[in-house]
Amino acid sequence: MRLFVTPASPWVRRVRVAILELGIEGRFEFVQTKWSHDWATRAVEHRPEFLEATPVVRIPALVTSGFTLTDSHSICDYLNGEHGGFRLLAREGMSRWHALADMSIACGIIEAHIARRAELLRSEDERSDDFIGKMKDRELRCFAALEKRVPHFGATFDLAQITTAVACGYESWRYGEEWRGVAPKLAAWFDGVAQRPSMTATEPAETPQA
């Protein structure tokens with residue numbers, strides 16, 4: 001299987017951490033993509049193989065022998081069901097719904113991260129400070145919500161926890177540590193799970209420029 005990746009994307013990191021936690025990294029070829037900073041506002045050129053794999057032009061994209069999955073959610077669902085025996089997310093029951101509840105908040109943070117980043121890549125005379133502030137407020141509000149969930153985190157580093165850890169890591173890397181002030185218990189939890197091999201092996205870095 002081929003997985004199109006980039007080191008900066010939190011969506012890619014979420015998939016890569018899941019792969020490492022399941023111990024199945026040997027089944028994948030990781031294909032690095034390059035992105036111009038123009039991605040925020042206009043279409044950019046990519047290699048034909050990437051465009052064929054993902055006509056929506058986003059990462060991660062997973063190409064298998066039978067089909068292609070073009071977003072983090074479907075890829076993680078596939079990994080969990082077909083290669084993980086539902087170890088990362090329960091197939092059914094209340095544990096599944098509690099995990100999805102936490103995951104939806106963490107995904108909301110990541111979505112705000114990407115929207116904020118895209119706006120910041122605009123020229124100063126084009127960007128909206130109001131929109132940037134709106135995304136920052138959303139991030140901090142969601143971190144505060146996850147702070148209340150920390151006592152209910154289980155012992156298993158499941159997909160909800162993976163997604164939450166990725167959100168925390170990207171916030172610190174790209175935007176700083178202000179979030180720790182609104183979520184100190186979450187920050188302490190993150191400092192622990194950040195030492196897992198799957199997390200240290202996938203720390204974010206700037207994407208190679210096209």
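Tabulated data
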read-out	value
Residue-by-residue Karplus 3J(HN,Hα) for segment 161-167, coefficients 6.51, -1.76, 1.60, Hz, glycine and proline x	5, 4, 5, 5, 5, 4, 4
Rg followed by Dmax, in Å, when segment 94-197 is reduced to its Cα trace	14.2, 48
In nm, spacing of pseudo-spin labels at Leu100 and Glu52 (7 Å Cα→C-beta vector)	3.6
Added length on full extension, which subtracts the Cα-Cα distance from 0.36 nm per residue, Ser123 to Trp173	15.8 nm
For segment 2-83: Kirkwood Rh in Å [reciprocal of mean 1/r, alpha carbons]	13.1
In nm, spacing of pseudo-spin labels at Asp38 and His83 (7 Å Cα→C-beta vector)	3.4
Loop GluC sites (Glu not before Pro), segment 1-107 (other Cβ atoms within 10 Å of the site Cβ: 12 or fewer; DSSP)	Glu45, Glu92
Spin-label model distance (nm) - Lys134 vs Ser74, 7 Å beyond Cα toward Cβ	2.8
Computed over the chain, the ratio Rg/Rh where both radii use C-alpha atoms and Rh is Kirkwood	0.96
For Ala61, distant residues with modelled amide H under 5 Å away	Phe4
Ranked list, fewest to most other Cβ atoms within 10 Å of each Cβ, for His152, His37	His152, His37
D (Stokes-Einstein, µm²/s), Kirkwood Cα radius, segment 94-154, 0.692 mPa s at 37 °C	257
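A short reminder: the numbers here are calculations on the coordinates, not readings from a lab. Remember, predicted model here, so these are calculated numbers, not experimental data. A quick note on method: Cβ atoms are made from the backbone with ideal geometry, for glycine too, and the neighbour counts reach across all protein chains shown.
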